[in-house]
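Please read the structure below before turning to the comments.
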């Protein structure tokens with residue numbers, strides 16, 4: 001197949017005879033008005049039995065008539081779901097009830113080390129606004145901060161570990 005530049009097509013590629021569209025309609029209607037049958041054909045070949053359209057509806061309904069069958073009830077599955085739900089809730093209840101007396105039950109805040117809580121909060125990267133929403137105004141007072149004594153060594157450690165780029169505001 002020859003490659004051509006599709007952007008430079010000058011002819012549409014289709015041609016019709018001269019005066020085709022002007023004379024087409026006249027020729028078509030002239031053929032339709034002539035009642036010339038095909039040579040050697042007596043009938044169209046399509047025949048319909050007598051009273052076919054009167055009886056076809058009844059015949060179709062008789063063939064499609066179905067007998068009423070009993071409906072299968074699905075209540076058995078519904079009962080199974082109720083029983084399974086009750087059994088699951090009982091298993092959950094007893095497992096929680098008997099698990100409380102175990103030594104490895106849920107840890108209380110007293111048993112968790114303060115440094116573990118601090119490292120968790122540091123790793124989660126909470127902002128000061130998020131932490132402030134956790135405290136109520138009645139939880140802290142000015143006297144909590146007045147009685148705190150900070151040693152010079154603590155201040156030096158803080159300043160050594162301080163990243164000053166975090167303090168620069170945009």
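Since every read-out is calculated from the coordinates, none of them should be taken as a lab result. Note that the structure is predicted; figures quoted are calculated from it, not measured. Every residue, glycine among them, receives a Cβ derived from its backbone with ideal geometry; neighbour counts consider all protein chains shown.
For the reader, a short list of remarks on this structure follows.
- As a proxy for reagent exposure, ranking 126, 82 by other Cβ atoms within 10 Å from fewest up yields 82, 126.
- Cβ-Cβ FRET estimate between residue 91 and residue 127, R0 fixed at 35 Å, reported to 0.05: 0.25
- Ranked for footprinting exposure by Cβ neighbours inside 10 Å, fewest first, 31, 69 give 69, 31.
- Gyration tensor (alpha-carbon) shape descriptor, region 121-170, a/c threshold 1.5: oblate
- Extension gain, residue 54 to residue 80, is 4.0 nm, computed as 0.36 nm per intervening residue step minus the present C-alpha separation.
- In plain terms, the chain from residue 66 to residue 29 could stretch by 8.0 nm, reckoned as 0.36 nm per residue minus the Cα-Cα distance.
- Residue 46 versus residue 21: modelled label distance in nm, points set 7 Å from Cα along the beta carbon direction: 3.4
- Full-stretch length increase - residue 143, residue 165 - with 0.36 nm per residue and alpha-carbon distance subtracted: 4.7 nm
- With a Förster radius of 22 Å applied to the C-beta separation of residue 150 and residue 113, the computed FRET efficiency comes to 0.50.
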